[in-house]
Amino acid sequence: MADASSTVLTTADGRPLKAALATALVRAKRRAFLLVLPLLLFVLLTFLVPIGYMLKRSFEHDGFTASAPALVEWFAAHPDFDPANPPEEAFAALTQDLARMQVEKTTGIAGTRINYSVPGTISLFKKGAREAKDMTPPYREALVALDAAWGTPVLWRGMQSAASTYTPEFYYVASDMKLTDSGWQRGGDKERIYLYLFGKTFLVSGIITVLCLLLAFPVSHLLATLPMRKSSLLMILVLLPFWTSLLVRTTTWIALLQEQGVVNDLLVNLGLLSDNGRLRMMYNMTGTIVAMTHVLLPFMILPLYSVMRVIPPSYARAARSLGATSWTTFRRVYLPQTLPGIAAGSLLVFILAVGYYITPALVGGADGQLISNLISFHMSKSNWSLAAAIAAMLLAAILLLYWLYDRLIGIDRLKLG
Amino acid sequence: MKRILILSTALTGLAFAAQASDLTVMSWGGAYGAAQTEAFVKPFTAATGKPAVMVDSDNPAPAIKAMVEAGNVTVDVASVEYADAIRLCDEGVLEPIDAAALPAGADGTPAADDFLAGAVTECGVSTDIWANVFAYDTTKFPEGPTTVADFFDLEKFPGKRGLRKGAKAVLELALMGDGVPAAEVYSVLGTPEGVDRAFAKLDTIKSEVVWWEAGAQAPQLLADGEVAMTTAYNGRIFAAAQNEGKPFQIVWDGQIYENEMFVVPKGAPNLADAMEFVQFATSTEGLRASAQQISYGPARKSSMKEELIFKDGKTVMAPHLPTAPENLANALETSSEFWVDHDAELNERFQAWLSQ
């Protein structure tokens, strides 16, 4: 073995085999990486970057910091000032900034930023900015004479909070907190909405997931056990609605379930209902649950089907031949084997349901709203930071559920097909 | 492979270049979008030879804001609500419009005097004045409701009510229904007690309300018999009554009207053409053409000099416009200042109230 070095295996061109193999391996790896590179870049660009940008957006807003430099500087130097009684120099800095905003036309941006926590400030800023350049000391009296709101503690707290580009403020608002004269406090009974809707969204999504499971399980079983020709036909019946536009399916439910709709007309004509006793099945929570369950059903059927298809029927037969009742066979032999499909389908349906907003917006009426409808509302009103904060909370809640799921069931047991 | 890449890139580039040459106008779709296509877009192409297309949106304001923020603006002109025209302008999302370049009226009146007060702002020019009104089916109520208080009177006029899901125009309607004169609505609504009062009034009909969101839904609810009366944009009810012969009647008492604005987003691909389009559309003739398509009032005095006739050739438009004197007897102009300030706050309250 002493002359082992002299018996190194070499390739035909004289290179050591080990090195040649390593080079080939690296090349293969590089080629494999190049093959997945498009997908990697795609995921990065269309998924991770936007989510990162959204998270950044949820605690970043420079609307005030960029347009009120003097006041920002003053706030930085006096972090412990008394909002109830800001000194004259603070008012001087404010007046200076207001005059500057008027010149640079940034009043709207700055006012909008403060308006997020102190409603009514946009017009206050506009009015102040118009007059600012003609104001003379003492500025406090001048501003308060223009509008008493300039002296309120809540406004100064709002401006102080907005004076840093990064702020948790949007998360406070998304947790039903209100800025008051004495700081952030829980909103009044008539104003709290977000946490309630979070809870409701998860509850409704849970109900929809359970309903989907109950409806999908027998269908998937039938699909998996019927002879090929019949199951293909059944599969088409499942897939046809899946391929139909979401809006078409939602409006179809409206046509069916509304008070003057097909179902109610039928029941009235059959004499089962009086004309005044028509059922209210649309524009409420019932409508949302019915329509969303229908829309999401294929997402439960398909994973269940793919799992059930590969369960050998001999297991159930063996159980029966060993004396198990049909219920025991189902519970102890068949059901456990479908668990990966149940888990995958439930996770899919639940996560899709949590983020749904078109269907609840169309059929939800007054009490069928979900949290995503508020995200869409704030998007449309240009308060993207608040929308981002609510969305981030939703994302965090789902990640938490995902983690729980991993701990309790195990993500490796998930089977999509 | 390389050749294919270059070829496809070049083709994509060409496709974008071809798209970029068309002037793109974004509006609200439905009867309104169709009217603007007939009144503005087609005549513009006919007069200037420049191709122009109309695209629909549920609400163009957030769409153009998103485009400007993303730096990928594909729309040249957008039709937005008055408060949005002001808000987006403040946020620097819109191109300023040179008011001096707007054409004089057909009778020679300078544009500044020809437009109604408030119709031209820093970044927008009014295309029409539209109103939130309520309407009912005459076959249901032969002796129909006549005042805004009747909308809230479930005993005299039983049946479901359609309302737009949102605080704006609904809270004002509630206060007027509760007897607040139009002139005092915003000062009342500016106080916490006033807001409580509006919601208390809405509480009286809450169980009977069907909420709608898209403008086209309101006439549909009425046509389906889902509601006995509903608030709606007046032009949609007019279109349903005229074009489809629906037995709908508008109640003008308590109408809430505002200007609809054409704006140009910052970074519009055809900026010069966009400005030309805005000037073309808001000329005396442009506004006349629009008011002959749908019952929204023109914002120029010169457009109303001659009688406006609907496109069917016989219906006189004047009594169907929000700006008709008899329709303005008890009318409220939306305060954009109030809503810019309180939109978010009152909508949160509204959503909380809805889910209670």
Report summary line: GNM of chain A, Cα pairs under 10 angstrom: of A:72, A:118, A:310, the biggest fluctuation goes to A:310
Report task. State the Cα centre-to-centre distance between the stretch A:208-243 and the stretch B:134-193 in whole Å. Result -> 49 Å
Requested in this report: Mind checking which of A:340, B:26, B:352 is farthest towards the positive end of the protein assembly as shown's charge dipole, using Cβ charges of +1 (Lys, Arg) and -1 (Asp, Glu) about the Cα centre?
Outcome: A:340
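Taking neighbour counts of Cβ atoms within 10 Å as a proxy for exposure, in what order, fewest first, do A:256, A:304 appear?
A:256, A:304
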Report summary line: Filtered hits (lysines, Cα-Cα < 25 Å from residue A:133, offset >= 8 within chain) -> A:105
Query raised in the report: Assigning unit charges at the beta carbon (Lys, Arg +1; Asp, Glu -1) and nothing else, what dipole magnitude in debye, to the nearest 20, does chain A show about its Cα centre?
Result: 2420 debye
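What pairs from A:127/B:266; A:126/B:301; A:190/B:206; B:160/B:201 go past 18 Å between their alpha carbons?
Details: A:127/B:266 25 Å; A:126/B:301 30 Å; A:190/B:206 16 Å; B:160/B:201 16 Å.
As for pairs spanning more than 18 Å Cα to Cα, those are A:127/B:266; A:126/B:301.
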Query raised in the report: What ³J(HN,Hα) values, in whole Hz, does the Karplus curve 6.51 cos²θ - 1.76 cosθ + 1.60 give for the stretch B:27-35 when θ = phi - 60°, with x put for Gly and Pro?
Result: 9, 8, x, x, 4, 6, x, 5, 5
Query raised in the report: Does anyone have the angle between helix A:228-243 and the longest principal axis of chain A? Alpha-carbon axes, 0 to 90°, nearest 10?
Result: 10 degrees
Report task. Read phi for every residue in the stretch A:201-207 and hand back ³J(HN,Hα) as whole Hz from Karplus 6.51 cos²θ - 1.76 cosθ + 1.60, θ = phi - 60°, with x for Gly and Pro. Result -> 4, 5, 5, 5, 4, x, 4
Report summary line: The set of cysteines in the protein assembly as shown having no other cysteine's C-beta under 4.7 Å reads A:212
Requested in this report: Assuming R0 = 22 Å, can you tell me the calculated FRET efficiency for the pair residue A:225 and residue A:328, based on Cβ-Cβ distance, to the nearest 0.05?
Outcome: 0.70
Report task. Would you work out the charge dipole size for the protein assembly as shown about its Cα centre, treating the Cβ of every Lys and Arg as +1 and the Cβ of every Asp and Glu as -1, and quote it to the nearest 20 debye? Result -> 5020 debye
Query raised in the report: To the nearest whole number, what is the average tally of beta carbon atoms from other chains within 10 Å of the beta carbons of peptide A:124-135?
Result: 1
Report summary line: Per the helix-only model, chain A has a calculated mean residue ellipticity at 222 nm (DSSP H runs of ≥4, -39500 (n - 2.57) each, divided over all residues, rounded to the nearest 500) of -21000 deg cm²/dmol
Query raised in the report: In the protein assembly as shown, what % of DSSP beta bridges are antiparallel (nearest 5)?
Result: 65 percent
Query - Shielding by other protein chains, A:188-194, mean Cβ within 10 Å - result: 5
Query - Peptides ranked, highest mean first, by Cβ atoms within 10 Å: ranges B:46-54, A:346-354 - result: A:346-354, B:46-54
Query - Highest-first arrangement of B:214-220, A:311-317, where packing means the average Cβ count within 10 Å - result: B:214-220, A:311-317
Report task. Report the net charge of residues surrounding residue B:142, where surrounding means a beta-carbon distance below 15 angstrom and charges are Lys +1, Arg +1, Asp -1, Glu -1. Result -> -1
Query raised in the report: Sorted by packing (mean other beta-carbon atoms within 10 Å per residue), highest first, where do A:366-372, A:28-34 land?
Result: A:366-372, A:28-34
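Using a 10 Å cut-off around each Cβ, can you sort B:273, A:265, B:196 from fewest to most neighbouring Cβ atoms?
Values: B:273 21, A:265 16, B:196 12.
Fewest-to-most Cβ neighbours within 10 Å comes out as B:196, A:265, B:273.
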**Report entry** Principal-axis tilt of helix B:2-20 within chain B, Cα atoms, nearest 10 degrees
**Finding:** 50 degrees
Requested in this report: Rounded to the nearest 0.05, what FRET efficiency do residue B:99 and residue B:305 give with R0 = 30 Å and r taken as the Cβ-Cβ distance? Could you check?
Outcome: 0.90
Query raised in the report: If Lys and Arg each add +1 and Asp and Glu each add -1, what is the summed charge of the other residues whose beta carbon sits under 14 Å from the beta carbon of residue A:333?
Result: +4
Query raised in the report: If each residue's Cβ is checked for other Cβ atoms within 10 Å, how do A:13, A:82 rank with the fewest at the top?
Result: A:13, A:82
Report summary line: For the stretch A:227-368 the mean separation of alpha carbon contacts under 8 Å (6+ apart) over residue count, i.e. relative contact order in percent, is 32 percent
Report summary line: Straight-line reach check, residue B:156, cutoff 13 Å on alpha carbons, 8 or more apart in-chain or any other chain, hits among aspartates and glutamates -> B:143
Query raised in the report: If the cut-off is a Cα-Cα distance under 25 Å, which lysines reach residue A:18, setting aside same-chain residues fewer than 8 apart in sequence?
Result: A:29
Report task. Give a residue-ordered list of calculated ³J(HN,Hα) values for the stretch B:340-356 (Karplus: 6.51 cos²θ - 1.76 cosθ + 1.60, θ = phi - 60°; whole Hz; x for Gly, Pro). Result -> 4, 6, 10, 3, 5, 4, 6, 6, 4, 4, 5, 5, 5, 5, 4, 8, 6
Query raised in the report: Hey, what angle do you get for helix B:60-70 against the long axis of chain B, alpha-carbon based, 0 to 90 degrees rounded to 10?
Result: 40 degrees
Requested in this report: Place a +1 charge on the Cβ of each Lys and Arg in the stretch A:194-413 and a -1 charge on the Cβ of each Asp and Glu, then give the dipole magnitude about the Cα centre in debye, rounded to the nearest 20.
Outcome: 720 debye
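Please give the average number of partner chain Cβ atoms lying within 10 Å of the Cβ of each residue in B:60-73, rounded to a whole number. Numbers along the way, then the final one.
Values: counts 0, 3, 8, 1, 0, 5, 4, 0, 0, 2, 0, 0, 0, 0.
Mean shielding count: 2.
Throughout, read-outs are computed from the coordinates displayed, never taken from laboratory work. This structure is a prediction, so every number in the text was calculated from the model and none was measured. All Cβ positions, glycine included, derive from the backbone under ideal geometry; neighbour counts span all protein chains shown.
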